[in-house]
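First up is the structure itself, then whatever we jot down about it.
The values are calculated or read from the model by the stated rules, or taken from the named source; none is laboratory data. Note that the coordinates shown come from a computational prediction; the quantities given were computed from them, not determined experimentally. Cβ atoms come from the backbone with ideal geometry, glycine included; neighbour counts cover every protein chain shown.
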Amino acid sequence: MSYRTLLAWSTLAVLLGACTPGDERPRRGRGVLVIAMDSLRVDHFGAAGYDRNTTPTIDGLLEEGVWFSQAFSAAPGIIPAHVALLTGCDPQIARQPLPSDFGFASLSKLWRVPQAAPSLAAEFLAEGFRTAAFMDHAWLAPHYGFSRGFESFQAFSGGTPLDEHDLGAGGIGRSFYHWLNSLEKDADWFAYLTVNDLERSIRVANPAWDSFFEARAELDQIPPVVRATHAFFALADGLGAMPGLSVGEYEARYDGSLRQLDSKLKRLLAQLEAQGKRRQTTVCLIGTFGIGFGEAGLYLDHGTLENVDLHVPWILLPAEGLDISRGLRSPHLASSLDLMPTLLELYGIEVPAGVHGVSQIPALRKDGAAVREFAYSAGGLSQGFAVHDGRYSFSSTLPATRGDGALKASWYGVPEITSQRRRMTLVDRQPADPGAPLSPGISTALLARGEDWYTWIQHARDALHNPEWLDPPLSASEWTELRARDLVPPGLGPLD
């Protein structure tokens, strides 16, 4: 036998000896990436029929996953909208109960996620996932309870001069990849990224993208400017927006910023692909609330209970091997509360008791039916609520009641008001005949649904915070009903 032949056989023997029948390729860690985007309007998506090419990347992703076309935010505000996503609970549970004689309550006193509430991050952490959050707004801070369950929590460092490099989808994405690359290759991970690019674009000029689209001539009216933090029917100077522009110019700037955000998302996901992690990662893109251009009374602001603020995009791109239909546009009703139970079921993790959302997974199977009959929204600048079913959106509000005198004056026309008139609206999202009158019975039924839901959500809030001063305390029958409705975790409160 020649030397070369002997060497070849020896090398083969070494290779075969190193491989046993049970050997497999190294395991790659599973990933779950949630990107929650503020001020994101679904009706400005190309896939939703918008007449501008604002979202080519996102539109192209729809063939890879599921688009929930009838998804609604539980609240039109920064803090409660993210509470809904991270707890799966109606965010009003995080609005702290305060004594009637408390007086003025600052934001830091109003909101706190109760420790007893469920936590999406904590559930993934308990299953062995590495967890991290990267926040793009100062209010998404540990003080309000947002850090629970996250091993790594990058709070927004606002209040100090920041370079644009550190902000938005670009800066948040860089921080995320710095963390991701520090993990072991076989580590499972869950990351929550928030993106405030669109809201920030109101205050920060970006000439290249501000002029990417031409302003519409039919929107050439210039809204009046008033000195206020928030205002109806005028542009509040507290928003920091550039004054003197027409509604069409503001809209064009927003659409340019949306197109820029779309390109940033393309780069962020391309990096995941380049690292060989895209196939093992479920990506969830979701809007937290919208923004108005005067349609519901607000300019460049959010906080109404109308669909410009509540109807949000939700796109789920499942990792390979997960039993989910691809290229599906789900027509079924969904709520931002459903993100938590949907992701947990997708990964075989038991949904904890006390979660108010429902998993959308059954609706995404072949011939899947709707899993939710109603979705609810509350908060913002007005007391009241909105209720959505598979076709209609109904709201019952006391306008401008969660603001200062300037806000009330902007709605009612006078700074001091002695009585407030409840405002009710009903929108048919699928009108067969746009001119046909709506049945008054629909509003009555949805009003009753909303009143019942928020009565019990207030009881759930009191139960989860359990303040010592609560008088009268929750009764035994109320505790029983809260448990029966699965609005509080088991073991909370007195025994029956």
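For L333, the conditions (1) part of a strand (DSSP E or B); (2) under 30 Å from A231 (Cβ atoms); (3) touching a Gly at 6+ places or on another chain (Cβ under 8 Å) all hold with the exception of (2).
When G493 is tested against (1) assigned to a helix (DSSP H, G or I); (2) in contact (Cβ under 8 Å) with a residue 12 or more places away in the chain; (3) small (G, A, S), only condition (1) is not met.
Among the residues of segment 355-366, some residue qualifies, meaning at least one is more than 19 Å from Y192 (Cβ to Cβ), at pLDDT below 95, touching a strand residue (DSSP E or B) at 6+ places or on another chain (Cβ under 8 Å) and not aromatic (F, W, Y). Checked against the criterion of being touching a residue at least 12 places away in the same chain (Cβ under 8 Å), in contact with a strand residue (DSSP E or B) (Cβ under 9 Å, 6 or more places away or on another chain) and closer than 30 Å to A369 by Cα, the candidates L322, L235 yield just one match: L322. A217 meets each of the listed conditions (1) touching a strand residue (DSSP E or B) at 6+ places or on another chain (Cβ under 7 Å); (2) free of Cβ contacts under 8 Å to residues at least 40 places away in the same chain apart from (1).
Being part of a loop (DSSP other than H, G, I, E, B), at pLDDT 95 or above, among the aliphatic types (A, V, I, L, M) and farther than 24 Å from I79 by Cα is a property that I222 has. Listed here are the strands (runs of 3 or more DSSP E) enclosed by segment 347-458 that have at least 3 residues being surrounded by fewer than 18 Cβ atoms within 10 Å (Cβ to Cβ) and in contact with a Phe, Trp or Tyr (Cβ under 9 Å, 6 or more places away or on another chain): 423-428. Against the list (1) more than 29 Å from T229 (Cα to Cα); (2) hydrophobic (A, V, I, L, M, F, W, C); (3) free of Cβ contacts under 8 Å to residues at least 24 places away in the same chain, the condition L447 fails is (3). Starting from residues that are hydroxyl-bearing (S, T, Y) and more than 22 Å from R52 (Cβ to Cβ), keep the ones in segment 247-287 and report whichever is surrounded by the fewest Cβ atoms within 10 Å (Cβ to Cβ). Of everything passing the filter in segment 247-287, T282 is surrounded by the fewest Cβ atoms within 10 Å (Cβ to Cβ).
Residue count for segment 248-278 under the criterion of being part of a helix (DSSP H, G or I) and either of a type outside the set (A, V, I, L, M) or closer than 29 Å to P223 by Cβ (or both): the result is 21.
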